[in-house]
Structures are given as structure tokens and as C-alpha cells.
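Written below as C-alpha cells is the structure these notes are about.
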Amino acid sequence: MVKKKLAIKTYGCQMNVYDSERIIGLLQQADYELTDDVQQAHLVLLNTCSVREKADQKFYSELGRLKRVKQQRSDMLIGVCGCIPQRARGEILERAPYVDLVFGTLNVSRVLELVRQMEESDGPVMEITDKVLDDDLGALPVTRDSHVTAFVSVMHGCNKRCSFCVVPNTRGPQVSRPMPVILDEIRHLARAGYKEVTLLGQNVDAYGVDFRPRSIDFADLLEAVNAIEGIERIRFVTSHPLDFTQRLIDAMASLDKVCESLHLPFQAGADRILKLMRRGYTAAGYRDLISRIREAVPDIALTTDVIVGFPGETEAEFLQTRRMLEWVRYDSIFLFNYSDRPDTVAPGMPDQIPHAVKQRRFDGLINMQKRISLAANLPYEGQTFEVLVEGPSKKNSAKLTGRTRTNKIVNFSGDDALIGTLVPVHITHAGLYALDGELAVVATFPPVLIS
Ligand code: SAM
């Protein structure tokens, strides 16, 4: 049977990457094979992100490009899934009636059935649900890019109501996956040779708050994953400062497989802005949390999300954000210009900040952070670190790439047989985004001859 070709473009966060891996796994069962070439594809699927306005704009211009390809290729089908349809629903088919399939973030497990319906139907097929349909994510076939490191979802949705954020509208309320289901999925990964898992969720540290009775929390989950044989490293993303308990800090410090790396968004440095954002913590509270984390895990690498130009942000308040970056000295940051999102509270707030002001604040922070990030990497030079080898480097396929426990990318020369193993790498050069190194020779001692 001739295989049909599937091209999938994934936008946005790791959650979308995780969903795409499942979509590909399922569609391979329907005799689709993956291609990078849209021109060749029978089905082009856009897995969309809606978190910022730019993501929406990018999506509609990509859709316009696909329309032109489709005009030349009558056998090509276009599908749209992910966060934009979940939020915008019928709007996609209104704006782009040439789209053949639309489904939401909670319909991923139904993709096989939906694609079959689409192939047999004369008109477009659309399915968008608001409720988590099942929890057999782990049982779905999946095609992952890596054979070394894997994403594992620990929850759907988000219960927070940040005034700027569209996520609760695109992924629904928080539903934690049962712990036995998550552990089964990870045991399966360990048996398949995976060495690292990244536990995924909008607020992973709120894991379990929706269980009735509320019996377990994220620290319990980490402890259980830590006990799985074969898994060598555990990461997780994203955490919310409000849910980051001392119990969780202690778990990070005591569990040997939990890596010394944490993404903890603070968003803004001024208390008034944090309140308008509905984040639920103060700048002093956030600093206290960072101090306690650093005390428990001294070598931890910290990253964060920051928004500049939130409605009403004064110059003085922006400087408080700048001061937070100077005080914490993050290893790296994700910086965003505030953008209005539909059905959120912030667009209705007074004193919206002009784009030019946002951009000036953005550029100033990025330049400062580049200096901080480089300074954070320089001490790695001359030292040897354990690196989990992930595969050939994307930039130079003659080299291997991997990560330290602190999540720094390391490129070095070595044999492909090292992929999937933990090796010591001596760092020879620290750049802004990655480190260069060479395999360190592990000292082995000759056996002592006893005569
Ligand atoms: N759930 C996480 C949290 O609340 O910390 C992350 C949510 S979001 C997927 C990732 C980041 O996008 C946020 O932390 C925030 O910095 C940024 N973001 C979300 N909405 C935004 C908006 N309307 N404008 C600019 N940045 C935004």
C-alpha cells in the first residue's frame, strides 16, 4: 500500500510538541509517513499556539501560504489543531473555508478517527471538546524525535486566572493525570531505553490539588519517578511560584535524579503589577523562595519568564523588573512584550503601553540578560560535567550534543555509540547559548598485582 505523506508544523510550548508526538504516532497507524516537505504532503497539520498575538498572526500567514499550495495540489488536505481552534472555534473555518479538519487540544486521542472522517467527507470536519476525554495518553502510540529524553504530561489545563493569559481558555481547567498512569508511561519509557523524562504541565507544582481527597502532591510524584530503574534524570516545567512548597524544595534537594535546573516564571518585579496580573505573590515573596531554593540546591540553574509593558507599567515599575533580573542572575530568560489576548482581563485595563516603549524596555533587558547569561556560563570553562548525550549536534552533525544536569547544551566530538549514555565532558569554551567541550578521560587504575 502506498503511504500518504504527513507534514506537521508545531508552534509554541512543549505541551504542543508532546501532542504532536502523539498525533504522528497515531497517524502512522493510518498509513501516513512523515515528511518535512509541505509540497509533497497529502495532509498538512498545523499544531497552533495562541499564547501571544504574534503566534496568532504567524498562524494565519502560514495558512495563507498553504492555501496557495493547495490551489496547485487538489489532493492536499489541511488540518488545524492545538490552542487556536480550542479558543477561536468556528472562526478558523469562517476565515479559511479551505481548511479540511479542525480539532482542539483535548481531541488529540481522536485524531485517527477524525482524519478518516475527513477523508470520506465532502466538507470540513471539526471537533472541539471542553472536557478531558480520557486519560490513556500513555497508551497511545507515539513517535518521538529523541530516543534518549521524553516529555511526559502530568496534567491537562490550568486553574490559575492570570489576567494576561489565554491558557485556561485553550487548555481548560487543571486535571491531574493519575499517578499510576504517569508511572506506567515512564516505566515503559525506561524499558525502551529512555534516560531522561521532563514532566510537563502548566503548573506542575500544583499537581494533585484537583484530586479528591487530596492525597498526593508533586513532591510525591517526583519521589515515585525517582525510584524508576533506568531513568537517570528528571526535569519538570512549568512551575508557579505560588505552588512551590518547602516540601518540594526538600524533594529537589534529596532526590538524586532530579536535575539542578528550574524554570520559575516571575513575570514582573513590581508588586502593583503582580497584583494586576493576578499572580498571587509579591516580589519579596519570590526572592525569599529563590533564596530557600538556592540554600537547598546551591548549584541550581534558574530560568524564568518575564513580561514587559503590562498595562499601566510605569518606568519605575519596569526598573523593579530589571532589578529582579540583576538580583537573581538567571541563567537565561524568556522575555515577552505584553500582548492583548482575547477573553482575558488585561486588555480592558487602563494605560496600555505603546509598542515603542515596550520594545525599548525589551531591548534593554535582553542586552543586560545576555551579559548575565554569559557570566553564568563562563565558570563552566575548565571544569568537567556529566553530560547526557542526546544525538548529533543540529548545527554541526560531526559533533555530538547533550546537556549538563543544569540544562546547559554541550557540543563535543565523540562516537555515535555514546548517544543515550552519561559521559564526563571537559568544558573548553563557554558561549552565550552553548558550551564546547571534549570527552574527559575517566581515570582507571591498573589492577594491583598481588604476588
Ligand atoms: N503556566 C505558566 C505560568 O503561569 O507561569 C506559563 C504560561 S505561558 C504558556 C508561557 C509564558 O508566556 C508566560 O509565563 C508569560 O510570560 C508569557 N505570556 C503569556 N501570556 C502573555 C501575553 N498575553 N503577553 C505576553 N506574554 C505572555
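The values are calculated or read from the model by the stated rules, or taken from the named source; none is laboratory data. On a predicted model such as this, the values are computed, not experimentally measured, just so you know. Here Cβ is always computed from backbone atoms with ideal geometry, including for glycine, and neighbour counts include all displayed protein chains. Keep in mind that these areas ignore ligands, DNA and RNA; they rest on the heavy atoms of the full protein, side chains included. Shrake-Rupley method; radii C 1.70, N 1.55, O 1.52, S 1.80 Å.
Points to keep in mind about this one:
- Within segment 340-362, the set of residues being within 9 Å of residue 309 (Cβ to Cβ), within 13 Å of the ligand (Cβ to nearest atom) and assigned to a loop (DSSP other than H, G, I, E, B) comprises 352, 353.
- Considering only residues in segment 403-420 that are under 23 Å from the mean Cα position of the chain (by Cα) and farther than 18 Å from residue 303 by Cβ, the one that is most open to solvent (accessible area, probe 1.4 Å) turns out to be 419.
- Residue, surrounded by the fewest Cβ atoms within 10 Å (Cβ to Cβ), within segment 292-327, restricted to residues that are more than 16 Å from residue 407 (Cβ to Cβ) and among the β-branched types (Val, Ile, Thr): 314
Matching residues to (1) of a type in the set (Lys, Arg); (2) within 16 Å of the ligand (Cβ to nearest atom):
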{"site": "3", "(1), (2)": "yes, no"}
{"site": "10", "(1), (2)": "no, yes"}
{"site": "24", "(1), (2)": "no, no"}
{"site": "31", "(1), (2)": "no, no"}
{"site": "34", "(1), (2)": "no, no"}
{"site": "39", "(1), (2)": "no, no"}
{"site": "45", "(1), (2)": "no, no"}
{"site": "48", "(1), (2)": "no, yes"}
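- Residues that are open to solvent by 60 Å² or more (accessible area, probe 1.4 Å), under 30 Å from residue 434 (Cβ atoms) and not hydrophobic (A, V, I, L, M, F, W, C), drawn from segment 328-344: 329
- Neighbours by Cβ (under 9 Å, 6+ apart or cross-chain): first from segment 322-347, on the phi > 0 side of the Ramachandran plot; second among the β-branched types (Val, Ile, Thr) and more than 7 Å from the ligand (Cβ to nearest atom): 329/372
- Single unsatisfied condition, residue 204 versus (1) open to solvent by 10 Å² or more (accessible area, probe 1.4 Å); (2) within 16 Å of the ligand (Cβ to nearest atom); (3) of a type outside the set (Lys, Arg); (4) within 27 Å of residue 387 (Cα to Cα): (1)
- Filter pass, residue 305 being within 19 Å of residue 241 (Cβ to Cβ), within 16 Å of the ligand (Cβ to nearest atom) and modelled with pLDDT of 95 or more: yes
- Any hit, segment 178-192, residues being in a loop (DSSP other than H, G, I, E, B) and open to solvent by less than 40 Å² (accessible area, probe 1.4 Å): no
Residue by residue, here is whether (1) open to solvent by 10 Å² or more (accessible area, probe 1.4 Å); (2) outside any strand (DSSP E or B) holds:
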{"position": "214", "(1), (2)": "yes, yes"}
{"position": "220", "(1), (2)": "yes, yes"}
{"position": "235", "(1), (2)": "yes, no"}
{"position": "279", "(1), (2)": "yes, yes"}
{"position": "286", "(1), (2)": "no, yes"}
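- Residues (among the aliphatic types (A, V, I, L, M) and either over 25 Å from the mean Cα position of the chain (by Cα) or not in a helix (DSSP H, G or I) (or both)) located in segment 321-339: 333, 335
- Which numbered condition residue 168 misses (of (1) in a helix (DSSP H, G or I); (2) of a type outside the set (A, V, I, L, M, F, W, C); (3) open to solvent by 20 Å² or more (accessible area, probe 1.4 Å)): (3)
- Selection within segment 245-277 - within 13 Å of the ligand (Cβ to nearest atom), open to solvent by 10 Å² or more (accessible area, probe 1.4 Å) and either touching a helix residue (DSSP H, G or I) at 6+ places or on another chain (Cβ under 8 Å) or in contact (Cβ under 8 Å) with a residue 60 or more places away in the chain (or both): 267, 276
- Filter result (crowded, with 18+ Cβ neighbours inside 10 Å and free of Cβ contacts under 8 Å to residues at least 24 places away in the same chain) within segment 365-400: 393, 400
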